[in-house]
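Step one of this worksheet: look at the structure below.
Where a number appears in this text, it was derived from the coordinates with a stated rule and is not lab data. This one's a predicted model, so the numbers in the text were calculated from it and none came from an experiment. So basically every Cβ, Gly included, is an ideal-geometry build from the backbone, and we count neighbours across all protein chains shown.
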Amino acid sequence: MRIDIITVEPDLIKSPFENSMMKRAIEKGLAEVHFHNLREYGIGNYRQVDDYQFGGGAGMVLMIKPISECIEKLLAERSYDEIIYMTPDAKTLNQATANTLSLKENILILTGHYKGVDQRVRDKYVTKEISIGDYVLTGGELAAAVLCDAVIRLIPGVLGDETSALTDSFQDNLLSPPVYTRPSEFDGMKVPEVLLSGNFPKIEEWRSEQAYKRTQEIRPDLLDDN
Ligand code: 6GU
């Protein structure tokens, strides 16, 4: 998978790709990530990328021309399965979207800043808009890193068997059951007996019950979606 990311803050977004799982995926050649500094497509000596909004109001808007030039340059090199705009005024990212995107070959991600981008960018180029939750971030960079993490870890070969993505919370619209490791007793707090029993059908049954119970308590809305 190749991911291109257009941003005005390349340094803000890079470090998640230089550590942990995303770093390994890139090193293994399973994902390729390229950053494009929108500033390089800015207008005039000041490399201007934003301007006041028509109609008045606080906050700057990213202009269409620099974004268009950057996107057209990339489109001349390859076509994209999705051109994604990261913005809080969109549908929220969920596991199903991450699953779908993990099957794509070329993804272009545009991150907004300030008041966002000129609507015509969205009308002309964007095929999918994604928010990561109902709160406002300063820019879409951290949201793009979150999206990439959720997607890249699903690419076959990125995670070892021992961390199979298939057993994650949300993969079946349920939260994960509680997990324990050594010691089996700490300050009088014991690990549930069934986990030490070696009876794997019973363990699976217990985990399913716990996952369902947790989901019902914390995220009953997930059960409505089933
Ligand atoms: Cl994608 N961008 C910004 N700026 N804020 C957000 C977001 C995105 N998702 C949730 N909040």
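Structure notes:
- The range 46-55 - phi-based ³J(HN,Hα) in whole Hz, Karplus 6.51/-1.76/1.60, Gly and Pro as x: 8, 6, 5, 10, 9, 7, 5, 8, 4, x
- As a proxy for reagent exposure, ranking Ser79, Ser169 by other Cβ atoms within 10 Å from fewest up yields Ser79, Ser169.
- Only Cα sites of the range 121-226 enter the Debye sum here, all with the same form factor; the resulting log10 I(q)/I(0) across q = 0.10, 0.12, 0.15, 0.23 1/Å is -0.48, -0.66, -0.92, -1.29, listed in q order.
- Where only alpha carbons of the range 113-166 are counted, the Rg and the Dmax (Å): 15.1, 46
- Highest mean packing first, where packing is the average number of other Cβ atoms within 10 Å per residue, the peptides 62-73, 208-219, 136-147, 107-118 line up as 107-118, 136-147, 62-73, 208-219.
- Counting beta carbons within 10 Å around each of Ile83, Ile132 and listing the fewest first gives the order Ile132, Ile83.
- In plain terms, the chain from Val136 to Arg39 could stretch by 32.6 nm, reckoned as 0.36 nm per residue minus the Cα-Cα distance.
- Arranged from fewest to most other beta-carbon atoms within 10 Å of their beta carbon, Tyr180, Tyr46 become Tyr46, Tyr180.
- For the range 169-224, the spread of Cα positions along each principal axis, largest first, Å: 37, 26, 15
- In angstrom, the C-alpha Rg and Dmax of the range 1-129 are 15.3, 49.
- Percent of beta bridges antiparallel (DSSP, the chain, rounded to nearest 5): 25 percent
- At least 18 Å along the helix axis (C-alpha) and Kyte average at least 0.0, DSSP helices within the chain: 64-77
- Sequence-distant residues sharing a close amide H with Ser169 (under 5 Å, placed H): Ser176
- Relative counts (whole %) of C-alpha pair distances in the chain, using bins that are 5 Å wide: 1, 6, 12, 15, 16, 13, 10, 9, 6, 5, 3, 3, 1, 0, 0
- Taking every C-alpha pair closer than 8 Å and separated by at least 6 residues, the mean separation divided by the residue count of the chain gives a relative contact order of 20 percent.
- Backbone phi angles across the range 31-40, fed through the Karplus curve with coefficients 6.51, -1.76 and 1.60 (θ = phi - 60°), yield HN-Hα couplings of 9, 10, 10, 10, 9, 10, 7, 4, 3, 5 Hz in residue order; Gly and Pro are listed as x.
- Lysine pairs with alpha-carbon atoms under 14 Å apart, the chain, spacing 8 or more or separate chains: 5
- When only alpha carbons are used to place a centre, the range 111-146 and the range 45-87 end up 11 Å from one another.
- Working from label points 7 Å from Cα in the Cα-to-Cβ sense, the Tyr212 to Glu69 distance is 6.0 nm.
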